[in-house]
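Derivation of every value follows stated rules applied to the coordinates shown; laboratory data play no part. Fair warning: this is a prediction, and the values are worked out from it, not measured in the lab. We place every Cβ from the backbone using ideal geometry, glycine too, and count neighbours over all the protein chains shown.
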Amino acid sequence: MARTPIYAAGGIVVRGRARLLVAVVQRSKDGAWVLPRGKLKRDENPVVGARREVVEETGHRVRVHEFLGAITYRARGRPKVVQFWRMQAYERPSRDVMSDIIAVDWLPYSQAVRRLSYPLEKLFLQHAGRRVLKHRKHHKKRKARARRKAKSSTARRRSSKARARKARPHRRSLTRAGRAHARPRQARTSIRRSRHVSPPRIAAAKQTTPSKSATPAKRPTMLQRMLGLKR
């Protein structure tokens, strides 16, 4: 009769920008160096359990990425299945490690393979670690392409702005008071004419104003008329 397998989960945890470092932990019960991993709780999601075990054993919060594979072996007469995901750890630790772990080391990839105690985990890290390194190289290339693209787009924007500035330099340099003097000659003459009264209007105004010579003669008074009669 087949016994119920034990399910566990963990991760190949890496950190570092310039140099990739892999996390390996030392257990207190036997002093063995292993990848961060642990048993799943009952009905626990493997991804959730893998993140929980890694945080407890390394003390670093992590971002879980793609599934890398699983290893199977027998533990105390029962089959045990351990699933692994690629994880990116934050630079600074967020908590203390659990009491079952006595040491955490962050080593380069080749040194981490040599540090592991079990041959099966060494073989798994050799194969899965190549995928991690390959993914990191592609990630660096994508970041470099994104930076070059951002620089080229910024340079295009600056060149277009410079061309637009060269096409109309006087509009930016002139002040509000000086813009009126930069208008075309036609517009200037029309403004001057609108500010002064046109000559025909002045002539018409002169004709309408009464002059002293054009005033009608006063009518003679009664005394003048009597005197004129007597004459």
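Quick look at the numbers
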item	result
Exceeding the 29 Å Cα-Cα cut-off - candidates Lys134/Lys161; Lys41/Lys122; Lys122/Lys149; Lys29/Lys80	Lys134/Lys161; Lys122/Lys149
His127-Arg52 pseudo-label distance in nm [points 7 Å out on the Cα-to-Cβ vector]	2.9 nm
Estimated distance in nm for a label pair at Lys39 and Asp105, the labels positioned 7 Å out from Cα along Cα-to-Cβ	2.8 nm
Calculated diffusion of segment 1-145, Stokes-Einstein form, Kirkwood radius summed over Cα pairs, 10 °C and 1.306 mPa s, µm²/s	102 µm²/s
